[in-house]
Amino acid sequence: MIDTLSRKDYEHERHFGSAGPVSHLDAQTIAAWRAGTPQWLGKYWLFVRADDRVWSLHPINVATRDKKP
């Protein structure tokens, strides 16, 4: 399963450098994510902190617009 961030949350994370477009990553990382995560739309990434406090890159999708309540 892949995480999907709202546009607002993505922009917040991007402002602090913990998310961004795939153009900032190397081709091998992008290719591996595309092969291993078919539901990924192939545009964005996010740093995620695991329970053991290790940060790692993960592919994410970004919602095109916020859902109305």
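The values are calculated or read from the model by the stated rules, or taken from the named source; none is laboratory data. Note that the coordinates shown come from a computational prediction; the quantities given were computed from them, not determined experimentally. Don't worry about glycine lacking a Cβ; one is built from the backbone with ideal geometry, like all the others, and counts go over all protein chains shown. Just the protein is used for accessible areas: all its heavy atoms, side chains included, with ligands, DNA and RNA removed. Shrake-Rupley method; radii C 1.70, N 1.55, O 1.52, S 1.80 Å.
Can you give me the relative contact order of the chain as a percent, contacts being Cα pairs under 8 Å and 6 or more apart?
Reported relative contact order: 42 percent.
Of all DSSP beta bridges located in the chain, what percent are antiparallel, nearest 5?
Of all bridge pairs located within the chain, approximately 80 percent are antiparallel.
Show me, for region 36-49, the HN-Hα J-couplings you get by feeding each phi into the Karplus relation (A = 6.51, B = -1.76, C = 1.60, θ = phi - 60°), rounded to Hz, glycine and proline as x.
x, 9, x, 7, 6, 7, x, 10, 9, 9, 8, 7, 10, 9
Would you mind working out the magnitude of the charge dipole of the chain relative to its Cα centre, with +1 at each Lys and Arg C-beta and -1 at each Asp and Glu C-beta, to the nearest 20 Debye?
Roughly 320 debye for the chain.
At 1.4 Å probe size, with the rest of the protein present, what percent of the exposed accessible area of the chain is carbon and sulfur atoms? All intermediate terms of the calculation are to be shown ahead of the outcome.
On the way: 2840 of 5370 Å².
The nonpolar share, carbon plus sulfur, comes to 53 percent.
Taking the Cα centre of the chain as the origin and placing charges on Cβ (Lys, Arg +1; Asp, Glu -1), which of GLN28, SER56, TYR44 is farthest toward the positive end of the dipole?
The one lying farthest along the dipole's positive direction is TYR44.
Using only the Cα atoms of region 5-57, build the gyration tensor, take square roots of its eigenvalues as a ≥ b ≥ c, and label the shape rounded, prolate or oblate: rounded if a/c is under 1.5, else prolate if a/b is larger than b/c, else oblate. Before the final figure, lay out each step's value.
Working: a/c = 1.67, a/b = 1.23, b/c = 1.36.
Cα axes put region 5-57 in the oblate bin.
Heavy-atom accessible area of LEU41 with all protein chains present, probe 1.4 Å, nearest 10 Å²?
Answer for LEU41: close to 120 Å² accessible.
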